[in-house]
1. Could you please find all residues in segment 16-38 being of a type outside the set (D, E) and in a loop (DSSP other than H, G, I, E, B)?
2. Provide a single number: the residues in segment 55-80 that are surrounded by 17 or more Cβ atoms within 10 Å (Cβ to Cβ) and either under 20 Å from F117 (Cβ atoms) or touching a residue at least 60 places away in the same chain (Cβ under 8 Å) (or both).
3. Quick test for you: out of R95, R109, R62, pick the one residue that is assigned by TED's automatic domain parsing to the domain that holds L24 and of a type outside the set (A, V, I, L, M, F, W, C).
4. Only one of these is surrounded by 19 or more Cβ atoms within 10 Å (Cβ to Cβ) and either in a loop (DSSP other than H, G, I, E, B) or at pLDDT 95 or above (or both): W41, W120, W108. Name it.
5. Yes or no: segment 85-104 includes at least one residue that is closer than 20 Å to E173 by Cβ and surrounded by fewer than 17 Cβ atoms within 10 Å (Cβ to Cβ).
6. What number of residues within segment 77-105 are in a loop (DSSP other than H, G, I, E, B) and among the aromatic types (F, W, Y)?
7. Filter segment 131-161 for residues that are part of a strand (DSSP E or B), under 13 Å from the mean Cα position of the chain (by Cα) and either modelled with pLDDT of 95 or more or over 23 Å from D181 (Cα atoms) (or both) and give the result.
8. Residues being out of contact with any Pro (no Cβ under 9 Å at 6 or more places or on another chain) and either crowded, with 18+ Cβ neighbours inside 10 Å or among the basic types (K, R) (or both): count how many of those fall in segment 143-161.
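The values are calculated or read from the model by the stated rules, or taken from the named source; none is laboratory data. Because the structure is a prediction, the values reported are computed rather than measured. Heads up, the Cβs are rebuilt from the backbone with ideal geometry, glycines too, and the neighbour counts pull from every protein chain shown.
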Amino acid sequence: MTEAQQGNPDNAPAVIRGCDGCTLCCKVMNVPDMESPAGQWCQSCEVGQGCRIHLSRPEACRSFFCMYTTNRNLGPEWKPSSCKFVIAHEANGTRLSIYPDPDQPEAWRRDPFLKTFHAWAEAGVRHGGQVVIFTGRQVRVVLPDRIVDLGVVAPDELILTAMTRTPTGIRLEPFKAHKDDPRAQALLRQTDRGVT
């Protein structure tokens with residue numbers, strides 16, 4: 001990442017390190033402005049070097065900073081070109097989204113990654129956060145104690161997690177629902193009021 005990239009918008013996280021040759025986001029992220037679907041290299045990417053249209057790249061690219069570039073607690077093993085996935089903050093900061101390289105779609109299951117994702121999911125329970133793996137259109141939600149496969153989630157569907165109190169504690173149940181589904185609306189209203 002160059003100094004120009006570090007001149008980020010007011011709401012963007014502080015960048016603490018550069019990309020240093022990593023371009024995996026240019027493959028795993030969907031960039032509609034570039035007609036670059038997730039899972040394929042963007043036609044403007046010089047793999048392992050950077051963007052050929054850096055000065056005129058779309059806003060989606062200008063404002064994107066993967067978690068590796070913004071979180072000093074992540075060691076070199078978390079660099080996307082090494083771990084083979086990109087982590088992004090999404091859904092207004094309530095979701096950690098993991099986008100694996102389609103050539104190594106299960107790389108996130110290795111240690112220390114999966115163990116850390118479970119720990120992040122546990123921390124997220126307290127404030128309604130989610131940890132979600134997007135492998136192409138396949139979606140999996142990482143919970144403190146397990147992984148739930150939601151299958152394909154359509155663009156007009158939401159990824160939600162219901163909390164049910166049981167005699168043994170709280171049971172988390174992720175599900176997908178159309179954005180107009182009454183269950184989704186009810187759960188979103190509860191979350192807005194801070195009810196869990």
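1. Keep residues of segment 16-38 that are of a type outside the set (D, E), which gives 16-19, 21-32, 34, 36-38.
The answer is I16, R17, G18, C19, G21, C22, T23, L24, M29, N30, P37, A38.
2. 10
3. R62 is the lone residue from the list that is assigned by TED's automatic domain parsing to the domain that holds L24 and of a type outside the set (A, V, I, L, M, F, W, C).
4. After applying the criteria, what remains is W108.
5. yes
6. Count: 0.
7. Passing the criteria: V131, V132, I133, F134, T135, V139, R140, V141, V142.
8. The total comes to 2.
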